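Have a look at the structure below, then the notes.
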Amino acid sequence: MTHLLIVEDEEKITDFLAMTLRREGYTVAVANDLAKARAMLKAMSPRKGEAFDVVLLDIGLPDGDGLTLIPAIRARPGLLGPMILVLSARGEELEKIRALDAGADDYLCKPFAIGEFLARLRALLRRRDASTGGPAHGILHVGDLEIDRDHHRAMKRGSDLALTPIEYAMLVLLAERVGTVLTHKQFLDSIWGKAAHDQTHYVRFYIKRLREKIEDNPSAPTYIITETGIGYRLVSSP
């Protein structure tokens, strides 16, 4: 059973989302402020199989900025933790970048169509499933990089890269097609789903983050090469 946490203070939105999600077969918990959300996260025990699969997070909460909850979510024990979908009325690109920079996996502006919301949610769950389960795929070696798809880890010269779920997914996508140019559309379709086809800034943002973790000099990348106007490719001999 997929377990979702809604962190939202507007009762009408919370009630509608909870009703819709339960009708779709999800288990739903609700927190109307940061304090309650932190308590609910703390009460979960991943060792006992208790964990949220996705957190739906509003930014403007009564007791603070919702993005301040993300470090607590990411610090929870477990392999990759829950996916985080920010739901906010703030539609400016800078706000989206701020949320992604804080560690969110996706961002959806209010008001939104319920069909798009459910499509984004399904895409996140597919990405989480691909990152935390499924059959063994072995280890990929690209230069000094080692990507262990059996244990969902990535290392460089033996040191763990501590990638987020999206960063890991992008690296695997690149590594499975070494030398091949991947377009923005291919990244978006594979990781966020077709509902996010116009969010090209997501790709730019996460490529930047990924370079910061795997490149010796992110400003002069040797692993992830930009193909101007097309996309990116991972090279095997940086």
Residue 228 versus residue 198: modelled label distance in nm, points set 7 Å from Cα along the beta carbon direction: 2.7 nm
Distant-in-sequence amide H partners of residue 30 (H built 1.01 Å from N, under 5 Å): 6
Debye intensity ratio in log₁₀ form over the Cα atoms of region 135-200, taken at each q of 0.16, 0.25 Å⁻¹: -0.57, -1.11
For region 51-63, 3J(HN,Hα) per residue [Karplus equation, 6.51 cos²θ - 1.76 cosθ + 1.60, θ = phi - 60°, Hz, x = Gly/Pro]: 6, 7, 7, 9, 10, 9, 10, 7, 8, x, 10, x, 10
The chain - percent of accessible surface contributed by carbon and sulfur, probe 1.4 Å: 52 percent
The chain: calculated mean residue ellipticity at 222 nm from DSSP helix runs of at least 4, using -39500 (n - 2.57): -11000 deg cm²/dmol
Integer Hz, Karplus 6.51/-1.76/1.60 couplings in order for region 146-155, x for Gly and Pro: 10, 10, 9, 6, 6, 10, 6, 10, 10, 9
Alpha-carbon Debye profile of the chain, log10 I(q)/I(0) at 0.10, 0.13 Å⁻¹: -0.47, -0.80
Relative compactness, region 88-219, computed as alpha-carbon Rg over 2.2 N^0.38 Å: 1.08
155, 19, ranked by accessible area, largest first (probe 1.4 Å): 19, 155
Under-5 Å amide H pairs with residue 63, H placed in peptide plane, nonlocal only: 34
Per-peptide average of other Cβ atoms within 10 Å, ordering 175-186, 101-112, 219-230 highest first: 101-112, 175-186, 219-230
Equivalent ellipsoid semi-axes - Cα gyration tensor, region 1-121, angstrom: 20, 17, 14
Nearby lysines by direct alpha-carbon distance to residue 194 (threshold 17 angstrom, same-chain neighbours under 8 apart not counted): 185
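The values are calculated or read from the model by the stated rules, or taken from the named source; none is laboratory data. Given the structure is predicted, the values throughout are model-derived calculations rather than measurements. Positions of Cβ are generated from backbone atoms using ideal geometry, with glycine treated the same way; all protein chains shown enter the neighbour counts. Each accessible area value is taken on the protein alone, full model and side chains, heavy atoms only, with ligands, DNA and RNA left out. Shrake-Rupley method; radii C 1.70, N 1.55, O 1.52, S 1.80 Å.
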